[in-house]
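The values are calculated or read from the model by the stated rules, or taken from the named source; none is laboratory data. All of these numbers come straight from a predicted model, not from anything done at the bench. Here Cβ is always computed from backbone atoms with ideal geometry, including for glycine, and neighbour counts include all displayed protein chains.
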Amino acid sequence: MSRLPSLMLCGRDRATKTRQNASWATSSGSVAQISAARRTPPRTSHPCYAWAVRWLPRHDTMAAMPPAQPVLDLSADVVAVTAALVDIESVSRNEAAIADAVEAALRPLSHLHVERSGNTVTARTSLGRAERVAIAGHLDTVPVNANLPSRLEGDTLHGLGSCDMKGGVAVGLRLAASVPEPTRDVTYIFYECEEIEAVANGLGHLAATRPDLLEADFAILMEPSNGAVEAGCQGTMRVDVMVRGERAHSARWWMGVNAIHAVAPVLERLVGYEPRTPTIDGLTYREGLNAIGVSGGVAGNVLPDECRVSVNYRFAPDRDERQALAHLEAVFDGFDLELADSAPGAMPGLDRPAAAAFVAAVHGDVHPKFGWTDVALFTSLGVPAVNFGPGDPSLAHTRGESVPIAQLRHCEATLRRWLS
C-alpha cells in the first residue's frame, strides 16, 4: 500500500490545540477526509483502505481557535467519500459544516456552475445537451444514536447517514467531479432539512425561490433503494388527536376528568386499524397509521385537562392530501384533529418516456417506494422522477444504519455508464 501524503492544514489550523487527524486513503494514497475532531479510527480489515494518524503539536495560547474544516477529496473512492461525509455530523438544521465541505469540493471544478442557498448546494453543467437530468440527495440525517463515527467492517460501511443518504450523496459528488462532459446536462442538488417538517425542506425552498434550478426532463433521487429503481412514493401526514378532560386536584380526582386516561379509545382504534395495500401500475404499496408520540400533564398533583396523541399516516399515492385528511377524520370520529405536517405522494409515473428509458438502461426490477421522498416534489413540478440509490431502506433511521460497499460501487458505475 502506498504511503500516505502528509496532512496539510491552513495556517490558523496548524495552531489548533493537540488534535488527532484521521484520513481515509485508497490504495493509491489519496486522502478523502481530514477530520479535526478527536476520534478513534474506525476498525477495518478491508485491504483497500488504511488510516493515517498524526498528532499536531500543543499550543496552549491558541487553544480557543476553531477546529479545522473537514475536507472532501472527490478523487478518492466512493466508499472513502461516503465515510468522510458520515463523519461530518449533520443532523437536520445543523448542515452548515457538511454544506461548506461540499461547496468547497465543487467550487474548483471548472465544468460546473456552483451556487449555494442556505445549506443547499447546486452544481450544473451547461453543455447545451438536448436533455437535462437532476440528481439530488439530502445532506441531513436523523438524530445521532450512538452510531458515529463511521466504521468499515468487511464489505459494509456503518454509521449515521451511511444508508439515508450519504452513500447516495457520495455517488452524486463523485459523478459531479469525474464526469465533466456527460451526454445529458446535469444539475446536482445537495440540500438541507429533508428529515424534518416539509416547510423547512431545502428542495422546497429552491422550488419557491429558484425554480429555474429544478428545471429538468428527468430527476433521480439518490434515496436508499438497494441499488434498484423504486418508483413513486407514499404521502405522509401528521396530525394531533386531541383528547379533552377537566382539571382537578389529584386528591379529589372524582371532581375532574383525566384526559390522559381518556386516550384509550384513540389507542384502541390505532391497534385495530387495518391499512390498505393498493396496487398501482403493478406496484403494491403498504399504508400505515401509527402513534408516534403522546403528550399531556399539568403538574404532579393536577389531573390533566388535555392530552395529544401524535399520529403519522403514510398513504398510497392514489390518495391526495385532502382525501388522506378525510380518512383520518373518519378514523378518529368524535375527536378533534390538528394538522401538524403533510406532504403528498407521487404516482409511479413509469409510463413517462424519460422514466421508462432510465429503467431500461439500468436493467433492473422496479419496486414501490414506501417512504416519502422528494420524488413527490419533482412530480408536482411536472418532472418525472425515480428513487435510485445505495442502501437498504429498512435500515434508514436505525442505530444499525449501514451501506454495502458493492451497492455504492454499483450505483456509481450504473449512473456513470448512463451519463457517458
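Results, tabulated for the structure shown:
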item	result
Helices (runs of 4 or more DSSP H) fully within region 308-420 counting 3 or more residues that are under 30 Å from D77 (Cα atoms)	353-362, 405-419
Extreme residue, nearest to the chain's Cα centre (by Cα), among residues of region 48-97 that are modelled with pLDDT of 95 or more and assigned to a strand (DSSP E or B)	V91
Of the criteria (1) surrounded by fewer than 22 Cβ atoms within 10 Å (Cβ to Cβ); (2) within 22 Å of A136 (Cβ to Cβ); (3) among the basic types (K, R), which one R399 fails	(2)
Some residue of region 262-279 being of a type in the set (S, T, Y), part of a helix (DSSP H, G or I) and surrounded by fewer than 18 Cβ atoms within 10 Å (Cβ to Cβ)	no
Flag for G382 being in the same structural domain as A219 (by TED's automatic domain parsing) and either surrounded by 16 or more Cβ atoms within 10 Å (Cβ to Cβ) or charged (D, E, K, R) (or both)	no
Contacts under 8 angstrom Cβ, first residue in region 356-371 being more than 20 Å from I280 (Cα to Cα) and in the same structural domain as P390 (by TED's automatic domain parsing), partner among the hydrophobic types (A, V, I, L, M, F, W, C) and assigned to a strand (DSSP E or B), 6 or more apart	V362/V229; V362/F388
Conditions (1) outside the structural domain of F218 (by TED's automatic domain parsing); (2) in contact with a Gly (Cβ under 9 Å, 6 or more places away or on another chain): number failed by R286	(2)
Matching entry among V366, V375 (being closer than 18 Å to H138 by Cα and at pLDDT 90 or above)	V375
Filter result for the condition that a residue is among the hydrophobic types (A, V, I, L, M, F, W, C), in contact with a Cys (Cβ under 9 Å, 6 or more places away or on another chain) and farther than 25 Å from A376 by Cα, over V79, V86, V71, V144	V79
Single residue of A123, A146 found to be touching a residue at least 40 places away in the same chain (Cβ under 8 Å), part of a strand (DSSP E or B), more than 15 Å from G391 (Cα to Cα) and of a type in the set (A, V, I, L, M, F, W, C)	A123
Where a residue in region 70-96 is in the same structural domain as G159 (by TED's automatic domain parsing) and its partner, wherever it lies, is assigned to a helix (DSSP H, G or I) and among the charged types (D, E, K, R), with Cβ under 6 Å and at least six apart	V78/R174; V78/E412; T82/K166; L85/K166; V86/K166
Residue ID - surrounded by the most Cβ atoms within 10 Å (Cβ to Cβ), chosen from residues in region 241-254 that are touching a Gly at 6+ places or on another chain (Cβ under 9 Å) and assigned to a strand (DSSP E or B)	V243
Cβ pairs under 8 Å, 6+ apart, first in region 252-264 and charged (D, E, K, R), second surrounded by 11 or more Cβ atoms within 10 Å (Cβ to Cβ)	none
Scan of region 319-369 for residues that are over 24 Å from the mean Cα position of the chain (by Cα) and at positive phi, ordered by number	G334, H363
Region 157-175, residues that are part of a helix (DSSP H, G or I) and in contact with a strand residue (DSSP E or B) (Cβ under 6 Å, 6 or more places away or on another chain)	S162, C163, M165, G167, G168, V169, G172
Tally, over region 197-220, of residues that are surrounded by fewer than 22 Cβ atoms within 10 Å (Cβ to Cβ), closer than 24 Å to F388 by Cβ and among the small types (G, A, S)	3
